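See below for the structure under consideration.
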Amino acid sequence: MGKLQVELIPAGRRVEIEVSGKVRVLDVIRSLGLSVEGAIVTKDDGKVLAEDELLSEGESVKVYLASSGG
């Protein structure tokens, strides 16, 4: 079992998620308690990831949290 590094933007918080093998982006979002509609996940190079893309242990991603205001 390994770890996936996650940086939450704009919160500036970093978390590690325990993963075994590969995990879907959707599962990462859900494990953080976020809604799919409220988060955009990118790799460090800025590539936006689809919900069904697979991530492996040892990788790093950024999760951008959507916010709304009136």
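The values are calculated or read from the model by the stated rules, or taken from the named source; none is laboratory data. Predicted model, so just to flag it, every value in this text is computed and none were measured. Accessible surface is based on the protein model in full, side chains and every heavy atom, while ligands, DNA and RNA are left aside. Shrake-Rupley method; radii C 1.70, N 1.55, O 1.52, S 1.80 Å.
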ask   = So what is the calculated 222 nm ellipticity per residue for the chain, using -39500 (n - 2.57) for each DSSP H run with n of 4 or more, over all residues, to the nearest 500 deg cm²/dmol?
value = -2500 deg cm²/dmol
ask   = With the radius of gyration and the Kirkwood radius both derived from the Cα set of the chain, what is their ratio Rg to Rh?
value = 0.95
note = Karplus-derived 3J(HN,Hα) from phi for segment 21-29 (6.51 cos²θ - 1.76 cosθ + 1.60, θ = phi - 60°), whole Hz, x at Gly and Pro, runs x, 10, 9, 6, 4, 4, 5, 5, 4
key: Computed over the chain: relative contact order in percent, which uses C-alpha pairs under 8 Å that are six or more apart   = 41 percent
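What percentage of the solvent-accessible surface of segment 1-64, computed with a 1.4 Å probe over protein heavy atoms, is contributed by carbon and sulfur atoms?
Carbon with sulfur: 49 percent of the solvent-accessible area.
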request  = Could you state the accessible area per residue of the chain in Å², with a 1.4 Å probe and every protein chain left in place?
outcome  = 63 Å²
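At 0.36 nm per residue, minus the direct Cα-Cα distance, what do LYS3 and SER56 gain on full extension? Give it in nm, one decimal, please.
Full extension of this stretch gives 18.2 nm more.
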note = Amide H proximity to GLU57 below 5 Å, modelled H, separation 5+ or other chain, gives GLY21
note = Sequence order, segment 49-58: Karplus ³J(HN,Hα) from phi using 6.51 cos²θ - 1.76 cosθ + 1.60, θ = phi - 60°, Hz rounded, Gly and Pro as x, gives 9, 7, 4, 8, 6, 9, 10, 10, 4, x
